[in-house]
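Everything below concerns the one structure shown next.
The values are calculated or read from the model by the stated rules, or taken from the named source; none is laboratory data. Since the structure is predicted, the reported quantities are computational estimates derived from the model, not experimental observations. No Cβ is skipped: glycine too gets one built from the backbone with ideal geometry, and neighbour counts run over all protein chains shown. Please note that ligands, DNA and RNA were not included when accessible areas were found on the heavy atoms of the full protein model with its side chains. Shrake-Rupley method; radii C 1.70, N 1.55, O 1.52, S 1.80 Å.
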Amino acid sequence: MKRLFSGAQPTGTLHIGNYLGAIKNWVDLQEKYECVFSIVDYHSLTINYEKEDMKKRIIDLAATYLACGIDPERCKLFVQSWIKEHTELMWILSCVTPMGELNRMTQFKDKSSKNVGNVNLGLYAYPVLQAADIILYKSEFVPVGEDQVQHIELTREIVRKFNARYNTDIFPEPQEILSSSKRILGIDGENKMSKSLNNHIGLDDDDKTIQQKLMQAKTDPARVRKTDPGNPAVCNVFSWHKIFSTENEISECAKGCVDASIGCVQCKKILLSHMKELITPIREKKAQILKDTDYIKDVLVEGAKKCDIIAKNTINEVREVIGVKI
Ligand code: TRP
């Protein structure tokens with residue numbers, strides 16, 4: 001099986017957009033690839049964070065993955081900062097990374113404009129650490145969202161630079177795997193679902209919260225009264241139906257909206273039952289897992305042990321190739 005790497009920052013509870021856009025994809029990919037999944041805590045030092053929360057967020061993210069179906073028997077789930085070779089390789093790679101390339105990174109421009117008071121070197125070098133994460137395991141594939149494609153392209157560039165500079169081919173050029181589902185919009189119907197905009201439906205939300213949020217969700221703005229005909233093509237709730245509901249329900253909701261035979265509340269109730277079907281088992285399983293933090297830690301320790309072997313091998317090879325090994 002070919003090796004694949006992906007990582008996510010422990011930045012707090014996840015929502016159905018994260019699930020559909022990333023986690024579900026990771027779970028499915030376990031069938032076909034040797035998967036290495038990392039909780040990239042060192043990446044999250046690049047923006048201001050609450051030190052007291054970090055431990056909890058790492059545990060929480062691990063529990064979320066396990067509850068969603070990441071299987072520690074089949075893949076390696078670990079915390080980035082536990083494997084020192086990530087930062088070591090990053091330094092070596094930073095010495096072949098042109099600053100001109102880093103200057104082009106849109107995520108850096110975006111994040112630095114939002115954190116004017118804290119534009120640090122780590123934020124700038126972030127993509128080099130990401131490249132190190134990936135190639136430390138000689139990963140050939142990287143499942144990511146579209147916003148990360150530029151970083152994977154840069155990773156390939158860094159690999160080419162490294163291989164050329166040291167006249168070697170130890171690192172393969174990794175390819176991104178984009179998830180087929182598009183980013184979903186939040187309950188405001190305008191922006192993509194995001195925790196910071198508070199327009200999300202969380203994987204931790206209870207039934208009542210899901211219902212409240214869904215009932216507030218924007219539909220076709222032109223459909224004011226139940227008797228007004230609506231246009232499913234511009235209705236965000238309908239776009240969610242296309243993800244969650246059965247073919248029959250989708251066509252019935254579309255038809256009922258156009259001829260005003262069903263109202264938005266009724267339409268949302270159908271969707272609600274499907275959202276609950278997705279979220280409830282994940283939420284309950286996660287609560288169960290979180291009761292046993294020793295188990296979570298064991299999983300992460302086991303994951304790190306397996307990663308450690310690969311990481312040490314790669315770094316040995318790299319030290320040889322760059323000429324520092326005596
Ligand atoms: N930058 C990624 C994100 O924000 C997280 C990440 C860090 C990552 N290292 C990685 C993703 C390596 C894929 C591979 O989503």
(message) Just to be sure I understand, how many residues within the stretch 14-54 are surrounded by fewer than 16 Cβ atoms within 10 Å (Cβ to Cβ) and within 16 Å of the chain's Cα centre (by Cα)?
(response) 1
(request) Consider SER194 carefully, then state whether it is of a type outside the set (Phe, Trp, Tyr), more than 12 Å from the ligand (Cβ to nearest atom), surrounded by fewer than 17 Cβ atoms within 10 Å (Cβ to Cβ) and under 20 Å from VAL40 (Cα atoms). (result) yes
(request) Find the residue count for the stretch 55-88, including only residues that are of a type outside the set (Asp, Glu), open to solvent by 20 Å² or more (accessible area, probe 1.4 Å) and within 15 Å of ASP41 (Cα to Cα). (result) 9
(message) Residues to consider are ILE282, ILE270, ILE243; find the one that is at pLDDT below 95 and either under 28 Å from ILE23 (Cα atoms) or buried (at least 18 other Cβ atoms within 10 Å of the Cβ) (or both).
(response) ILE243
(request) Tell me, yes or no, whether the stretch 5-13 has at least one residue that is away from the ligand (no atom under 13 Å from the Cβ) and open to solvent by less than 30 Å² (accessible area, probe 1.4 Å). (result) yes
(message) I'm checking my understanding of the structure. Among residues of the stretch 103-125 that are in contact with a Ser or Thr (Cβ under 9 Å, 6 or more places away or on another chain) and open to solvent by less than 20 Å² (accessible area, probe 1.4 Å), which one is farthest from LYS312 (Cα to Cα)?
(response) LEU123
(request) Test each condition in (1) outside the structural domain of LYS306 (by TED's automatic domain parsing); (2) closer than 30 Å to GLU88 by Cβ for ILE243 and report the one that comes out false. (result) (2)
